[in-house]
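The values are calculated or read from the model by the stated rules, or taken from the named source; none is laboratory data. All of these numbers come straight from a predicted model, not from anything done at the bench. Because the Cβ atoms are built from the backbone with ideal geometry, glycine has one as well, and the counts that use them run over all protein chains shown.
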């Protein structure tokens, strides 16, 4: 595309992770780069975690063209450059940690181009040669990626499906985190999404937290399966200046948020913090994680009772109702524990990560064996 590329949205400030992590990318809505009368009637945003470290994103839009003739507009998708330990240089011209970018409008696959736009001056684009020079002189990128394409909307409703895959960010603070710019949707003609749905599938036996930037309580969320949800669970301290976050503990199934006439005032920030890296000795005063993928995070175990609690963690995740008083008292205090009268422990059906957890426990010293 020739000429100047104008971006009609505000960029979020990027927090550099230095050498303690890699910020791979941040996803954005599809938005019109040029002024338009096109409206967003419906959006279904689906996030699915795959192979632990990747997120599959599918966005299903219904647009409405109120005019009596077709209208072609330039649409852009923004992705921040990687920083920290990640290489920000384009791979085959594309974002190095993003793949399978597709846009399907009314059952037609659209071609796209990629521009590298300055973070300081939105009117300036970089060439690959300039980026290579930047790479040699700096350990961070001064540009972001913009995937852009021409979209021709027929009169009335238009169906657009947008997909991509990218690697989840991680750091010393987070096992993973994901940011999605919701407010860009307000740039369309109707200044909102008439019917918005957000589906999240992070896998079974997972806990994650979402900043309450576009919702007030977990009552707006539905667990399609089994699990627990808690409003105002914690303060997220790094990416969003201490926003209150809700907690979601998913035994199985998916999480869903729905709202009509959705005019978001904040962005989606989903994260899983590393709570458990500071303890050397595990005792009954310490909380245990719900996340099945967590590794042993202590050097020794206080006593035999604490060991028994640790050995029963996989069964507590599934809601086993304990008769042992120590186990009963401990797990009933866990915010994620949901009793299940139907569950019968089956060690041979535990997840691979849980079997590793039990195996690793055998290598940990028990401090007091009396």
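Residue by residue, here is whether (1) touching a helix residue (DSSP H, G or I) at 6+ places or on another chain (Cβ under 6 Å); (2) surrounded by fewer than 16 Cβ atoms within 10 Å (Cβ to Cβ); (3) touching a residue at least 12 places away in the same chain (Cβ under 8 Å) holds:
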{"position": "252", "(1), (2), (3)": "no, yes, yes"}
{"position": "293", "(1), (2), (3)": "yes, no, yes"}
{"position": "297", "(1), (2), (3)": "no, no, yes"}
{"position": "301", "(1), (2), (3)": "yes, no, yes"}
{"position": "310", "(1), (2), (3)": "yes, no, yes"}
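Looking only at region 132-149, how many residues end up being under 28 Å from the mean Cα position of the chain (by Cα) and either assigned to a helix (DSSP H, G or I) or modelled with pLDDT of 90 or more (or both)?
Counting residues in region 132-149 that are under 28 Å from the mean Cα position of the chain (by Cα) and either assigned to a helix (DSSP H, G or I) or modelled with pLDDT of 90 or more (or both) gives 1.
Just to be sure, is residue 339 under 29 Å from the mean Cα position of the chain (by Cα), at pLDDT below 95 and surrounded by fewer than 16 Cβ atoms within 10 Å (Cβ to Cβ)?
Yes.
Test residue 77 against the criterion of being under 18 Å from the mean Cα position of the chain (by Cα), buried (at least 16 other Cβ atoms within 10 Å of the Cβ) and closer than 22 Å to residue 193 by Cα, and give yes or no.
For residue 77, the condition - under 18 Å from the mean Cα position of the chain (by Cα), buried (at least 16 other Cβ atoms within 10 Å of the Cβ) and closer than 22 Å to residue 193 by Cα - is met.
Report, by residue number, each residue of region 31-49 that is surrounded by fewer than 21 Cβ atoms within 10 Å (Cβ to Cβ), at pLDDT 55 or above and assigned to a strand (DSSP E or B).
Residues satisfying the conditions are 39, 41, 42, 44, 46, 48, 49.
To keep it simple, each residue is scored yes or no on (1) farther than 25 Å from residue 264 by Cβ; (2) at pLDDT below 85; (3) loosely packed, with under 15 Cβ neighbours inside 10 Å; (4) in the same structural domain as residue 198 (by TED's automatic domain parsing).
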position	(1), (2), (3), (4)
29	no, yes, no, yes
51	yes, no, yes, yes
65	no, no, no, yes
95	no, yes, no, yes
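Take residue 197 and tell me if it is in the same structural domain as residue 88 (by TED's automatic domain parsing), surrounded by fewer than 16 Cβ atoms within 10 Å (Cβ to Cβ), modelled with pLDDT of 90 or more and not in a loop (DSSP other than H, G, I, E, B).
Spelling it out, it is not the case that residue 197 is in the same structural domain as residue 88 (by TED's automatic domain parsing), surrounded by fewer than 16 Cβ atoms within 10 Å (Cβ to Cβ), modelled with pLDDT of 90 or more and not in a loop (DSSP other than H, G, I, E, B).
Please tell me if residue 288 is crowded, with 16+ Cβ neighbours inside 10 Å, out of contact with any helix residue (DSSP H, G or I) (no Cβ under 9 Å at 6 or more places or on another chain) and under 30 Å from residue 220 (Cβ atoms).
no
Of these, 60, 100, which one is in contact with a strand residue (DSSP E or B) (Cβ under 6 Å, 6 or more places away or on another chain), loosely packed, with under 13 Cβ neighbours inside 10 Å, assigned by TED's automatic domain parsing to the domain that holds residue 146 and modelled with pLDDT of 80 or more?
100
Do we have any residue at all in region 159-170 that's buried (at least 18 other Cβ atoms within 10 Å of the Cβ) and closer than 25 Å to residue 228 by Cβ?
Yes, region 159-170 has at least one match.
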